[in-house]
Amino acid sequence: MNESSLRMAIVLMILFLFVLMIIGVPVAAALALACLAFVVFEGLPPMIVLANMVNGINSFPLIAVPFFILAGNLMNSAGITTRIFAFARAAVGWMHGGLGHVNVGASVIFAGMSGAAVADAGGLGNIEIKAMRDAGYDTDFAVGVTAASSTIGPIIPPSLPLVIYGVIADASIGQLFMAGIVPGLMMALALMAMVSWYSRRRNYPRDLDFRLGRLGRTFLDALLPLMTPMIIIGGIMFGLFTPTEAAIAAVAWCIFLGVGVYRTLNFRKILKVSFETVETTAAIMLIVAASTIFAWILTANQTARHFSELMVAFTDNKIALLLIITLIVLVIGLFMETIAAITILTPVLLPVAVGLGIDPVHFGIIMILNLMIGLLTPPVGMVLYVLSKVAQVPFERCVTATAPFLVPLVAVLLLLTFVPAFSMWLPNLIYR
């Protein structure tokens, strides 16, 4: 097959993929079917699809995925979120619009345990929105802050999207985890600045006076849960274990807290949480497996190189190219689930980014933050659907409530895109 026919076949494969997803075919099945159609059209043996799918998930770092999911589920099931919320309230509740700041602070703490935005929205969201409503805050404000702060979860380690990206991009997951710490804190500060601005305009009160005794008491109450991110991040930073081993250590610690310390977990709850984890993991692994054959087809046919040449032909300005890449990821994030978007976009866009001199670790942070913004925008907007149920408000109202909080998130995204030092100085300090 000549080069023009091959390009047309790849374009048709991608179009077929999007048509299948638009009509409601699950992402994993759509990827596999589109790739199978291309392989058959090329006259290659169909078993190539199955072989690549199996090889795609035969990866040690991917073992971290079910364990991080299980750790987050155990934290929610053990009722540890209430202790985190109480400590955050004592720490920052004294500021104007105190519960708004508490909302962001609790998300930062929970981010070091779950690594998933939806888990944050579902676990902490119910507590946060109820507390803010009871204190007289507008429901729209409560929903908007909760939705925006939940996106911090997949940036601060541990992070399921960063694990998936690291496997597909063949990048160090440890470096990706370290690279997410400063950007996650920047997101928190930007959102707290937005909360302060809103609170002064609407005259929201301070939640409570600052008392050192209360802070110390709630800190001690939350100390053991707060050790979870210390175990994960500290263990990786000091070389005690790999990210995969850190995930297993986190699960063991969560079971110890739930069963041995707080006695809020029993065999039935652990079994229920385990089944939920298996279900979630299976869906993620199917997408990763199917994306492997997709990436193989694109790589074998030098699609990324052709795409890079096309973009450079359009403009050779690095800033313009970065903006184009950012726009592409943002638009895809509007219509596609995070894991699926990572698996489809990484093989295409990463070579372009590397060609521009962008470190794969830095690009990973940019991509994940882009896709987190997509969780707050229709028509997919998974976080918005979760909060719609939690807050019992229409989905459309969640969209309008969250829209103003996209401004600080986009501002942080642009800073991270054009100032790599924000995300790269910590991994460079530790690993290089």
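The values are calculated or read from the model by the stated rules, or taken from the named source; none is laboratory data. Because the structure is a prediction, the values reported are computed rather than measured. Methodologically, a virtual Cβ is constructed for each residue, glycine included, from the backbone with ideal geometry; neighbour enumeration extends over all protein chains shown. Protein only, heavy atoms only, side chains kept; ligands, DNA and RNA dropped before computing areas. Shrake-Rupley method; radii C 1.70, N 1.55, O 1.52, S 1.80 Å.
The set of residues from the range 138-190 being open to solvent by 10 Å² or more (accessible area, probe 1.4 Å), within 26 Å of Thr244 (Cβ to Cβ) and β-branched (Val, Ile, Thr) comprises Ile156, Val167, Ile168, Ile173, Ile181, Val182. Pick from the range 133-149 the residues that are in a helix (DSSP H, G or I) and over 22 Å from Met382 (Cα atoms): which of them is modelled with the lowest pLDDT? Among those residues, the one meeting the criterion is Asp134.
Per-residue answers, yes or no, for (1) at negative phi; (2) out of contact with any Asp or Glu (no Cβ under 9 Å at 6 or more places or on another chain); (3) of a type in the set (A, V, I, L, M):
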position: Gly24; (1), (2), (3): no, yes, no
position: Ala28; (1), (2), (3): yes, yes, yes
position: Met53; (1), (2), (3): yes, yes, yes
position: Asn76; (1), (2), (3): yes, yes, no
position: Gly79; (1), (2), (3): no, yes, no
position: Trp94; (1), (2), (3): yes, no, no
position: Val108; (1), (2), (3): yes, yes, yes
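Scanning the range 274-320 for residues that are farther than 13 Å from Thr343 by Cα, open to solvent by less than 80 Å² (accessible area, probe 1.4 Å) and within 24 Å of the chain's Cα centre (by Cα) yields Ser274, Glu276, Thr277, Thr280, Thr281, Ala282, Ala283. If you check Phe219, Phe210 for being closer than 22 Å to Arg89 by Cβ and in contact with a helix residue (DSSP H, G or I) (Cβ under 7 Å, 6 or more places away or on another chain), only one passes: Phe219. Selection of the range 197-256 for residues being over 30 Å from Phe141 (Cα atoms), assigned to a loop (DSSP other than H, G, I, E, B) and either in contact with a strand residue (DSSP E or B) (Cβ under 6 Å, 6 or more places away or on another chain) or touching a residue at least 12 places away in the same chain (Cβ under 8 Å) (or both) yields only Thr242. For the range 216-230, residues that are within 24 Å of the chain's Cα centre (by Cα) and open to solvent by 30 Å² or more (accessible area, probe 1.4 Å) total 2.
Rundown of residues vs (1) touching a Cys at 6+ places or on another chain (Cβ under 7 Å); (2) more than 30 Å from Ile287 (Cβ to Cβ); (3) among the small types (Gly, Ala, Ser); (4) without any contact (Cβ under 8 Å) to a residue 12 or more places away in the chain, yes/no style:
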| site | (1), (2), (3), (4) |
| --- | --- |
| Phe68 | no, no, no, no |
| Phe87 | no, yes, no, no |
| Ala91 | no, yes, yes, no |
| Trp94 | no, yes, no, no |
| His101 | no, yes, no, no |
